[in-house]
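As structure tokens, the structure follows; a few thoughts come after it.
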Amino acid sequence: MRKPVIAGNWKLHKTVAESIQLVEALNREAAGVSDIEIVVAPVYTALQNVAEVLAESNIAVAGQNCYPVNSGAFTGEVSPALLKDIGCRYCIVGHSERRQLFGETDAFINAKIKALISEGLGVIFCIGETLEERESDQMYEVLTRQIREGLKDIPADAMQQVVIAYEPVWAIGTGKTATNQQAAEAHAFIRGLLQGFYNEELAGQTRILYGGSVKPDNVDGLMAQEDIDGTLVGGASLKAEDFVRIINFKRG
Ligand code: 13P
């Protein structure tokens, strides 16, 4: 069935030394875990060191962002090919912080997903509504647009490389997690969209993660929901003890 994914998005935190210290601790604690995929996404400057520490490990390394072209005159950017070159297996795209703070559009995110797929990398594709959108009953419309435009022209066979992360913007970094029911409803809706845009088999195979204030004390309830196939964790992924507890969520 769907192998759960527990991913840590470190955002703009940690020096190289701090990053190494954290993954060494995770590696010690999570070395034997094989029933889920574990992913960490450090800052660019720590990626290579972290990838080296985790080279023989069951923990995969992800970029937090990329530019959709592999090389050229794009000052300051990093490409899928370069992420792959240093040992990344995944890249996060479409995070709400990138959409909101850096003006990333659905079309730009779509181009990144295509570029990552061409390089053979896994994609953690983030979607989610703002509080205003939820309160004005636009949530389903927003999620539909993000899925339709973000996955535009991506064929069904390439979708094996894509993991979706539902992150309601109002739950990110606020300590306000979606309730189990709110998350379950959104996930079921997203799976329904995949069925509509692709087919039932693909919808049944695609992993949909929940993100937004996931903590040791709420992960078990979230992971017990049928359509929640893992979590994308921000703040709680920065502390080994908390992230290890999340990795060890209660299995059903
Ligand atoms: P928090 O877990 O800190 O709310 O962040 C969630 C997130 O944005 C992960 O990508």
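The values are calculated or read from the model by the stated rules, or taken from the named source; none is laboratory data. Keep in mind the model is a prediction, meaning the values are calculated, not measured. Quick reminder, even Gly has a Cβ in these numbers, built from the backbone with ideal geometry, and neighbours come from all protein chains shown. Ligands, DNA and RNA are excluded from the accessible area calculation, which covers all protein heavy atoms including side chains. Shrake-Rupley method; radii C 1.70, N 1.55, O 1.52, S 1.80 Å.
Look at Thr130 and say whether it is more than 16 Å from the ligand (Cβ to nearest atom) and of a type in the set (S, T, N, Q). Steps first, please.
Working: more than 16 Å from the ligand (Cβ to nearest atom): no; of a type in the set (S, T, N, Q): yes.
Taking the combined requirement at face value, the residue does not satisfy it.
Can you go through Glu52, Glu29, Glu97 and tell me which one is assigned to a helix (DSSP H, G or I), of a type in the set (D, E, K, R) and in contact with a helix residue (DSSP H, G or I) (Cβ under 8 Å, 6 or more places away or on another chain)? Steps first, please.
Numbers: Glu52 fails: in contact with a helix residue (DSSP H, G or I) (Cβ under 8 Å, 6 or more places away or on another chain); Glu97 fails: in contact with a helix residue (DSSP H, G or I) (Cβ under 8 Å, 6 or more places away or on another chain).
It is Glu29.
If the requirement is being outside any helix (DSSP H, G or I) and modelled with pLDDT of 95 or more, which of these qualifies: Glu149, Glu241, Glu185, Glu226? Of Glu149, Glu241, Glu185, Glu226, the one residue that is outside any helix (DSSP H, G or I) and modelled with pLDDT of 95 or more is Glu226.
In the range 199-217, the residues that are closer than 21 Å to Glu167 by Cβ form Cβ pairs under 7 Å with partners that are within 14 Å of the ligand (Cβ to nearest atom) and of a type in the set (S, T, N, Q), at six or more places apart or across chains, as follows: Leu209/Thr231; Tyr210/Thr231; Gly211/Thr231; Gly212/Thr177; Ser213/Thr174; Ser213/Thr177; Val214/Thr177; Val214/Thr231. Please go through the range 201-238 and pick out each residue that is more than 12 Å from the ligand (Cβ to nearest atom), surrounded by 18 or more Cβ atoms within 10 Å (Cβ to Cβ) and among the aliphatic types (A, V, I, L, M). Across the range 201-238, the qualifying residues are Ala203, Ile208, Met223, Ile228.
In the range 177-188, which residues are buried (at least 18 other Cβ atoms within 10 Å of the Cβ) and of a type outside the set (Ser, Thr, Tyr)? The answer is Ala178, Ala183, Ala184, Ala186, His187.
Only one of Glu77, Glu29 is touching a residue at least 60 places away in the same chain (Cβ under 8 Å), surrounded by 14 or more Cβ atoms within 10 Å (Cβ to Cβ) and over 18 Å from Thr231 (Cα atoms). Can you tell me which?
Numbers: Glu77 fails: touching a residue at least 60 places away in the same chain (Cβ under 8 Å).
The unique qualifying residue is Glu29.
Number of residues in the range 198-222 that are assigned to a helix (DSSP H, G or I) and farther than 25 Å from Leu151 by Cα: the value is 4.
Would it be correct to say that Gly192 is open to solvent by less than 50 Å² (accessible area, probe 1.4 Å), under 20 Å from Ile124 (Cα atoms) and over 18 Å from the mean Cα position of the chain (by Cα)?
Details: open to solvent by less than 50 Å² (accessible area, probe 1.4 Å): yes; under 20 Å from Ile124 (Cα atoms): yes; over 18 Å from the mean Cα position of the chain (by Cα): yes.
Yes, satisfied.
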